[in-house]
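*Asks:* Structure incoming, see below.
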Amino acid sequence: MAKKVNKKELGLGIRALLTNIDEEVQKDQEKVVRELSHATAMISMEEIEVNPFQPRNEFDQDALDELAASIQVHGLIQPITVRRMSPNAYQLISGERRLRASRIAGLTEIPAYIRIANDQEMLEMALIENIQREDLNAIEVAITYQRLKEECALTDDQLADRMGKVKSRSTITNYLRLLKLPPDIQQSIKDRRLSMGHARSLAGVDDYALRDSLFRQTLREELSVRALEQLIRAYAEPKSKKAASRLPDAYEGIQQQFRQFFGSKKVQLKLRSEGKGQVVIPFHTVKELNALLDRIEEDQ
């Protein structure tokens, strides 16, 4: 039986390859590209320069801060991609938003895929070869598709053509949607606690609180894909007035917070489709209204 290679050993192999990369490229560039295409190396943030031709130069600060907070908790799930310029010097190819957020998070090193000069065609072939391996989890497949789009400038249609009959355009789109899921859900997919079927179903839920509630319920109760799909349909279907009065657990907690804040059990959180709704705060006298206003002013 072949010996399994753990992550520590893989990291040592990549470091050894980078140490002698110029010599190795002279021997067999295609082999070097293939090895670098599916493994990451930890690179010092100080060794990475931003591509001066990067067309995007404005980033939403709130979104960066939110991503930085997530990185502090979960780490960086999707590595950046850099091109090796010289020993201990790299230029960013893709992932500037992740790089900026990692700096805000205080990281001194960042996981990165490394490319060498003039390797476009070989990289494309190596990534397509990697994606057809059977041991990849769904997030690894999604990241590889994303790299093919970003680094090889392929559209979804071109990517589907490259994959032949193995994957359809819709299948590729479903994988790419997984990268928009929150880090905790992505990590559960990587750990194989959630299947691709579970992930695809959760990716179709736009309501953040509902999706998080369904995700935790799926893990807690070990729901099958079919059971999860039935739950999602049940939330999406129109309900009778009696059924509508029962809020999902995540929203029930929010309603309780409103009731505690205003000191009234009559405060209601009402939901409609597409995450819309309203908070209803009833009062019967001017005195009751003034009491509600006092609550708000006390909290300011």
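Every number in this text was worked out from the coordinates using simple rules, so none of it is lab data. Here the structure is a predicted model, which means the values were calculated and not measured. Glycine gets a Cβ as well: all are built from the backbone with ideal geometry, and neighbour counts include every protein chain shown.
*Asks:* Over all alpha-carbon pairs in the stretch 183-236, figure out the percentage whose distance exceeds 19 Å. Can you show the working numbers first?
*Replies:* Values: 181 of 1431 pairs.
The calculated P(r) of the stretch 183-236 puts 13 percent of pairs beyond 19 Å.
*Asks:* R0 = 22 Å: FRET efficiency of Leu179 with Gln158, Cβ-based, nearest 0.05? Please list the in-between numbers first.
*Replies:* Numbers: r = 19 Å, r/R0 = 0.85.
For R0 = 22 Å, the calculated efficiency reads 0.70.
*Asks:* For a Förster distance of 41 Å, can you work out the FRET efficiency between the beta-carbons of Arg192 and Ser86, rounded to the nearest 0.05? Present the calculation step by step, with values, prior to reporting the outcome.
*Replies:* Numbers: r = 39 Å, r/R0 = 0.95.
My answer for the efficiency is 0.55.
*Asks:* State, to one decimal in nm, how far the label point of Ala69 lies from the label point of Phe283, with both points 7 Å from Cα in the Cβ direction.
*Replies:* 3.1 nm
*Asks:* Ok, one more. Considering the alpha-carbon set of the stretch 243-299 alone, what are its Rg and its Dmax in angstrom?
*Replies:* When restricted to Cα atoms, the stretch 243-299 yields Rg and Dmax of 12.5, 36 Å.
*Asks:* Run the simple label-point estimate for Glu297 and Ser224 please: 7 Å along Cα→C-beta, distance reported in nm.
*Replies:* If labels sit at Glu297 and Ser224, their model points lie 6.0 nm apart.
*Asks:* List the GluC sites (Glu not before Pro) in the stretch 60-161 that DSSP assigns to loop (not H, G, I, E or B) and whose Cβ has at most 14 other Cβ atoms within 10 Å. Which are they?
*Replies:* Details: sites: Glu66, Glu96, Glu109, Glu121, Glu124, Glu129, Glu134, Glu140, Glu150, Glu151; in loops: Glu134.
Hits after loop and neighbour filter: Glu134.
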